[in-house]
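Comments concern the structure below.
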Amino acid sequence: MNDHHIASAFDRDLEDIQAQIMKMGGLVERAILDAADCLVARDEEKAEEIRRQDKAIDALEELINAESATLIALRAPTAIDLRLILSVLKIAGNLERIGDYAKNMAKRTSVLVQLQTIDEANISLKRMARDVALMLKDALDAYIRRDAALALDVIERDREIDQLYNALFREFLTFMMEDPRNITACMHLHFIAKNTERMGDHVTAIAEQTVYLVTGEKPDEARDKQDLTSTDPRVSGV
């Protein structure tokens with residue numbers, strides 16, 4: 001078997017794996033948006049469907065891991081190709097975690113249906129989730145196109161997600177202080193907001209993989225997190 005044939009086979013196998021990554025990314029993006037929708041609509045049936053669909057996301061991660069391991073074993077990739085395969089594995093892992101957070105949002109929706117509605121917070125959470133889903137779409141586009149500039153833009157946009165989370169955190173404190181009957185609902189909504197903020201962190205990690213692939217270096221400096229809630233003296237009361 002000549003080197004050209006081996007290289008062609010490697011490229012085909014890698015394309016197959018990257019197609020699975022994009023399929024997985026599409027499912028995760030849909031899960032984020034659907035989870036936000038069912039939170040606002042208080043739709044228990046849709047929430048349960050999102051929880052079931054997470055199994056498909058998990059199955060794709062397992063498939064990508066298995067195919068990547070086979071590719072490494074059979075094709076003996078060069079250092080550059082190996083870096084590409086390892087980036088695929090990291091991206092798949094980040095997508096799986098985002099899917100878990102979307103599933104958790106749907107799970108809490110089933111509880112929130114039984115509690116007092118806080119419409120303002122639901123609308124803000126939907127906006128936050130929508131922004132994360134758009135970041136994810138752009139991060140995956142940047143990966144496929146090897147667009148470091150778009151990936152860096154995604155990384156920068158995560159600051160906005162942190163700021164939205166900080167604003168929501170303070171809203172929840174206000175709601176709880178104004179009416180103790182809001183406490184349980186706000187606790188669940190806070191966990192949803194925090195999980196959405198963490199989705200943004202995982203999207204950022206995907207974008208960082210693209211920057212590394214294109215430039216050979218990770219982004220210049222670790223990005224300062226804008227989550228200020230850990231320094232809020234009222235946080236212990238949540």
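The values are calculated or read from the model by the stated rules, or taken from the named source; none is laboratory data. These numbers were taken from a predicted model, which means no experiment stands behind them. Backbone-built Cβ (ideal geometry, glycine too); neighbour counts: all protein chains shown. Side chains included, ligands, DNA and RNA excluded: accessible areas come from the protein's heavy atoms. Shrake-Rupley method; radii C 1.70, N 1.55, O 1.52, S 1.80 Å.
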Assuming residue 49 fulfils every condition listed in (1) in contact with a Cys (Cβ under 9 Å, 6 or more places away or on another chain); (2) more than 30 Å from residue 189 (Cα to Cα) apart from one, which condition is it?
(2)
Looking at residue 108 and the list (1) more than 23 Å from residue 180 (Cα to Cα); (2) open to solvent by 10 Å² or more (accessible area, probe 1.4 Å); (3) in contact (Cβ under 8 Å) with a residue 12 or more places away in the chain, which single condition is not satisfied?
(1)
Could you please tell me which pairs satisfy a Cβ distance under 8 Å, a separation of 6+ or placement on different chains, a first residue in the stretch 203-220 that is assigned to a helix (DSSP H, G or I), and a second residue that is at pLDDT below 95 and of a type in the set (Asp, Glu)?
211/217
Collect the residues in the stretch 123-162 that are hydroxyl-bearing (Ser, Thr, Tyr) and farther than 19 Å from residue 97 by Cβ, keeping them in residue-number order.
124
What do you reckon, is residue 98 open to solvent by less than 70 Å² (accessible area, probe 1.4 Å), touching a His at 6+ places or on another chain (Cβ under 9 Å), assigned to a helix (DSSP H, G or I) and within 22 Å of residue 124 (Cα to Cα)?
yes
Restricting the stretch 177-221 to residues that are among the basic types (Lys, Arg) and open to solvent by 70 Å² or more (accessible area, probe 1.4 Å), the one nearest to the chain's Cα centre (by Cα) turns out to be 198
Step by step: first the residues of the stretch 105-159, then only those that are part of a helix (DSSP H, G or I) and hydroxyl-bearing (Ser, Thr, Tyr), then the one that is nearest to residue 171 (Cα to Cα). Which residue is that?
124
Residue 93 versus (1) buried (at least 17 other Cβ atoms within 10 Å of the Cβ); (2) modelled with pLDDT of 95 or more; (3) among the small types (Gly, Ala, Ser): which is the lone unmet condition?
(1)
Any residue at all in the stretch 57-74 that is touching a Gly at 6+ places or on another chain (Cβ under 9 Å), assigned to a helix (DSSP H, G or I) and among the acidic types (Asp, Glu)?
yes
Selected residue [modelled with pLDDT of 90 or more and open to solvent by 60 Å² or more (accessible area, probe 1.4 Å)] from 63, 33:
63
